[in-house]
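Reading through the structure tokens given below for one structure.
The values are calculated or read from the model by the stated rules, or taken from the named source; none is laboratory data. Given the structure is predicted, the values throughout are model-derived calculations rather than measurements. Virtual Cβ from ideal backbone geometry, glycine too; neighbours counted across all protein chains shown.
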């Protein structure tokens, strides 16, 4: 096991809370550390909550947390940037500069949920494999096309730790506990939280289809994965059926039976949902979004968008801050 730590050595984590950060990923990361301390009987981990200023930071659900200002953080072994919705509004030069300075001090850097966006803005994910919550994956790749983004629960690549958020933060922390203090303690922590199994960084983020079907229709799930991975350069339905080893008619029956729509309609719905994320999370032109989501013209895209959501794409744009 890598990175084994002496049992009496305390690892100090810093959690940088961005305004509007998601509470669940943060709590799911913190509690395994507390549990590791309790089960081991030692202070294996300690942590400090950080903010850009000394003022309390409000989470997405409205709960406020007192924080320590960045310059008073003290020694840190690892920093996790905790993001949430509209993380783009949290980009700031002081935060970027502070993170870069910590890297020069050989501090490990991580991110929970959309915090990966801040690391990318600071140039700290160049040459590293990373992940982010599936809703933000398209916008991250559009904004930083050279990033190596994986649709997994979490990714530990050398001294960078990124996580999709939600309860996947717990998986990341249990993984790190295993690296630092061995699999026995990590498994004991997992059992305390009644996890059915310890997931690793090869586990993909679940799609809504997998949650709905629970793995009972693997060929249907495989067809959707092909669609998800080919939203700009569209695959034909015959080609998708051939890739998963069934006929087009069989594929259409699966979609009708379990999803109550045709493969073509489901494919279009996936592309429209991605377009919605790009409209909400980026400043890309509508014409650029149309092309990146596989629509042959802005007019066709706008018509499909209005038919699906009931309003035009322009309605998704947030008003400029004044």
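Here are the numbers:
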read-out	value
Residue count, region 253-310 (criterion: touching a residue at least 24 places away in the same chain (Cβ under 8 Å) and farther than 28 Å from residue 220 by Cα)	6
Qualifying residue in region 40-55 (condition: modelled with pLDDT under 95 and assigned to a helix (DSSP H, G or I))	yes
Residue in region 25-34 that is surrounded by fewer than 17 Cβ atoms within 10 Å (Cβ to Cβ), out of contact with any helix residue (DSSP H, G or I) (no Cβ under 7 Å at 6 or more places or on another chain), at pLDDT below 95 and in the same structural domain as residue 180 (by TED's automatic domain parsing) present	no
The one condition in (1) part of a helix (DSSP H, G or I); (2) at pLDDT 90 or above that residue 315 fails to fulfil	(2)
Which listed residue, of 249, 271, is surrounded by fewer than 19 Cβ atoms within 10 Å (Cβ to Cβ) and either part of a helix (DSSP H, G or I) or within 23 Å of the chain's Cα centre (by Cα) (or both)	249
Any hit, region 129-149, residues being buried (at least 20 other Cβ atoms within 10 Å of the Cβ), out of contact with any helix residue (DSSP H, G or I) (no Cβ under 8 Å at 6 or more places or on another chain) and more than 20 Å from residue 29 (Cα to Cα)	yes
Number of positions in region 52-99 that are surrounded by fewer than 14 Cβ atoms within 10 Å (Cβ to Cβ) and within 24 Å of the chain's Cα centre (by Cα)	9
Long-range neighbours under 6 Å by Cβ, at least six apart or interchain, first residue under 20 Å from residue 44 (Cα atoms) within region 182-204, second part of a loop (DSSP other than H, G, I, E, B)	182/1; 190/198
Boolean, residue 230 is loosely packed, with under 15 Cβ neighbours inside 10 Å and either part of a helix (DSSP H, G or I) or not assigned by TED's automatic domain parsing to the domain that holds residue 144 (or both)	no
